[in-house]
1. Going by what's in this entry, would VAL258 be described as in the same structural domain as SER141 (by TED's automatic domain parsing), under 26 Å from GLU169 (Cα atoms), open to solvent by less than 10 Å² (accessible area, probe 1.4 Å) and within 15 Å of the ligand (Cβ to nearest atom)?
2. Out of ASP152, ASP162, report the one residue that is closer than 30 Å to PHE30 by Cα, part of a helix (DSSP H, G or I) and within 16 Å of the ligand (Cβ to nearest atom).
3. Assigned by TED's automatic domain parsing to the domain that holds VAL248, away from the ligand (no atom under 16 Å from the Cβ), within 22 Å of PRO271 (Cα to Cα) and in contact with a strand residue (DSSP E or B) (Cβ under 6 Å, 6 or more places away or on another chain): does that describe GLU169?
4. Just to be sure I understand, how many residues within region 31-62 are out of contact with any strand residue (DSSP E or B) (no Cβ under 8 Å at 6 or more places or on another chain), away from the ligand (no atom under 12 Å from the Cβ) and assigned to a helix (DSSP H, G or I)?
5. Mind checking which residues of region 59-79 are surrounded by 15 or more Cβ atoms within 10 Å (Cβ to Cβ) and within 19 Å of the chain's Cα centre (by Cα)?
6. Kindly indicate which of ARG49, ARG56 is open to solvent by less than 30 Å² (accessible area, probe 1.4 Å) and among the basic types (Lys, Arg).
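The values are calculated or read from the model by the stated rules, or taken from the named source; none is laboratory data. For clarity, every value in this text was computed on a predicted model and none was experimentally measured. Glycine also receives a Cβ, built like all others from the backbone with ideal geometry; neighbour counts cover every protein chain displayed. Ligands, DNA and RNA are stripped out before the accessible areas are found, and what is left, the full protein with its side chains, is counted by its heavy atoms. Shrake-Rupley method; radii C 1.70, N 1.55, O 1.52, S 1.80 Å.
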Amino acid sequence: MSDFSNGAAYVDEKFVPITEAKISILDWGFLHSDATYDVAHVWQGKFFRLDDHIERFLSGIDRLRMSIPYNRGDLRSILVDCVKASGLREAYVEMICTRGRPKPGSRDPRECTNRLFVFAVPFVWIANPEKQKKGLHLIISHIQRIPPESVDPTVKNYHWLDMVMGLFEAYDRGGETVAVVDAQGNLVEGPGFNIFVVNGNKITTPAHGVLEGITRRTVIELSTEYGYEAIQHNLSADKARTADEMFVTSTAGGVIPVTKIDGGKIGSGMPGPVTQKLQEGYWMVHQDPRYTFDIEYD
Ligand code: PLP
C-alpha cells in the first residue's frame, strides 16, 4: 500500500505519495525558476476560493507564454482528487506549471513542453495561531524586490532570492519576518505575503510591485463590508512605523498581525482591533458557500 499520509502529488497524470513525486533536473522550472504557480488551501474539508486561484494560475501561464492541455474544469478535478488522495482536511495545495525542457542541445523555450504538477501537503503557516496572538516582529529589509519591469509580480513566480536573503537579514537583526522594498524604499511585500497598515478606519496596502493576493482581495472585500476604507497606495517605511496597526496576508495563515517593526512597537504593541476583526471575518467566510465548497472524501 502506498503511504499518502504526508501528502499527495499529481505528476505525469498520476497521483503518487508526495515522497515519490519527482521532477527532471533538466526542467527549466528547476534550472531557471522558469515557472508559475499558485497555492490554494483546504480548511475543515472545504476548498477556499479555488476558482480564483485557478483563474490567477491560468492567467500567469498565459502571460509567460506557456500552455497546458487542461481547462478550468480539468484543473479543478485534478486539485480536488489530489486532496482526496491525501485525505487531508487542512491542506496547502500547490499547482505549478514549469517550462519543461527543450530538445537535447537546444536553448529555445518554444521547443519546451510545459508541464503541470500539483501537490497537497498538511497546511503550512507563516505564523501559527499561537504566534498570531502575539503578532510578528517584521524587519524592513535593505534588499529591493526584483523590479516589476524585470519580473511581473502579478504573475506568481519563484524569483525568491531577494525574499530569502531578506529573511536571513531579518533573523540576523532579531526579527521574525521581512518586508522587501521598491527602488524608492517603499514596502512592497514579503516571503509569501502582502502587507497592510491601519490608520483609523483606513486600511492601506501597496498598489504596485506586488502579487494581487487572494487573501488581500478577501480582506479588501471584508473591509468594505465593515465600513473601512480600503486604499491601494505606496507604503513608505515611515508610514508603516507610525501606523496604528499592521498585518500581513497570505493563504499560508490568513490575516497575521505584525506588532513590531525593526525593534519598535506598532501602536500598543499588541494585535489591534481592526486586525482582529478582519482576522475573525477571514475565518468566518470559510463557512460561506460563496467562497468555499465541500470536498467529498471517499
Ligand atoms: N506575495 C507573494 C510574493 C506571495 O508569494 C504570496 C503568496 O504566496 C502572497 C503575496 C499572498 O498571496 P495569497 O493571499 O494569494 O496567498
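1. Details: in the same structural domain as SER141 (by TED's automatic domain parsing): yes; under 26 Å from GLU169 (Cα atoms): yes; open to solvent by less than 10 Å² (accessible area, probe 1.4 Å): yes; within 15 Å of the ligand (Cβ to nearest atom): yes.
It is true that VAL258 is in the same structural domain as SER141 (by TED's automatic domain parsing), under 26 Å from GLU169 (Cα atoms), open to solvent by less than 10 Å² (accessible area, probe 1.4 Å) and within 15 Å of the ligand (Cβ to nearest atom).
2. Working: ASP152 fails: part of a helix (DSSP H, G or I).
On inspection, the qualifying residue turns out to be ASP162.
3. Values: assigned by TED's automatic domain parsing to the domain that holds VAL248: yes; away from the ligand (no atom under 16 Å from the Cβ): yes; within 22 Å of PRO271 (Cα to Cα): no; in contact with a strand residue (DSSP E or B) (Cβ under 6 Å, 6 or more places away or on another chain): yes.
Against the criterion (assigned by TED's automatic domain parsing to the domain that holds VAL248, away from the ligand (no atom under 16 Å from the Cβ), within 22 Å of PRO271 (Cα to Cα) and in contact with a strand residue (DSSP E or B) (Cβ under 6 Å, 6 or more places away or on another chain)), GLU169 does not qualify.
4. Of the residues in that region, 6 qualify.
5. SER59, GLY60, ILE61, LEU64, LEU75, ARG76, LEU79
6. Working: ARG56 fails: open to solvent by less than 30 Å² (accessible area, probe 1.4 Å).
Residue meeting the stated conditions: ARG49.
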